[in-house]
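Read the structure below first, then the notes.
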Amino acid sequence: MLLRHINFELASGQLLLLQGGNGTGKSTLLRSMAGLMHWRAGTLRWCGQVMSARNPLFQQQLAYLGHQCAMHDALSGAENLRYALQLQGIAWQAERAHQVLQQLQVLHVAQRPLGRLSQGQRRRMALARVLLSDRPLWLLDEPDNALDVDGSALLAQILAAHAQAGGMAVVVSHRGIATPDVPCQILNLNPPSSALQREEGACSVL
């Protein structure tokens, strides 16, 4: 069993940073919460109600971003986003998409095949999918992967804005993400114990 005795609560407006070395179960925990892995034991509560991570009611509340961008190289960034939202039953709003792509500084490459974009641009496109989903719970596995300094700073701003709007996020990041003025918890998965601590005003492990 990879994960044992893991307990945490996350409220609206809060972030949770998963910390730990390679193989400590950070991605496993995130994938389990996203309903992509079977739970042998444990309980998930959403708004006080016990439910499976695969429950459609819970699935409709979350946006998951894994290590891979999960987009098709032959399609443009915009086509990938439209298709991903369609699969989630979310209507395409051109004005909103324009705004998000501009915010992430990839509007100028949105019509190019994804395979022609840099890794950093691809990651920003994947983050655009999360923003456009308008889901309250974000599960992000190394969202800063392949991002440059400016991209990482932009990600921190986006996370802070999401929390300040009442959203919440569980984030895996080896580099740490600084989010001033946002309540943040750090869940350390390193053995021998998993210590949960609260850090007000910043969520960073650098």
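Details
- Reported count of residues in segment 1-41, each being within 17 Å of Gln59 (Cβ to Cβ) and modelled with pLDDT under 80, is 1.
- Subset of segment 26-52 [assigned to a loop (DSSP other than H, G, I, E, B) and out of contact with any strand residue (DSSP E or B) (no Cβ under 9 Å at 6 or more places or on another chain)]: Met37, His38, Trp39, Arg40, Ala41, Gly42, Cys47, Gly48, Ser52
- Given (1) in the same structural domain as Ala34 (by TED's automatic domain parsing); (2) free of Cβ contacts under 8 Å to residues at least 24 places away in the same chain, index of the condition Leu154 fails: (2)
- Subset of segment 58-89 that is small (Gly, Ala, Ser) and touching a residue at least 24 places away in the same chain (Cβ under 8 Å) - its residue that is surrounded by the fewest Cβ atoms within 10 Å (Cβ to Cβ): Ala74
- Any hit, segment 166-189, residues being assigned by TED's automatic domain parsing to the domain that holds Glu9, part of a helix (DSSP H, G or I), buried (at least 18 other Cβ atoms within 10 Å of the Cβ) and modelled with pLDDT of 95 or more: no
- Count of residues meeting criterion [on the phi > 0 side of the Ramachandran plot and surrounded by 19 or more Cβ atoms within 10 Å (Cβ to Cβ)] in segment 131-164: 1
- Filtered residues of segment 36-57 (kept if at positive phi and surrounded by 10 or more Cβ atoms within 10 Å (Cβ to Cβ)): Gly42
The values are calculated or read from the model by the stated rules, or taken from the named source; none is laboratory data. Small disclaimer: the values here were computed from a predicted structure and weren't measured. Neighbour counts are summed over all protein chains in view; Cβ atoms, including those assigned to glycine, are modelled from backbone coordinates with ideal geometry.
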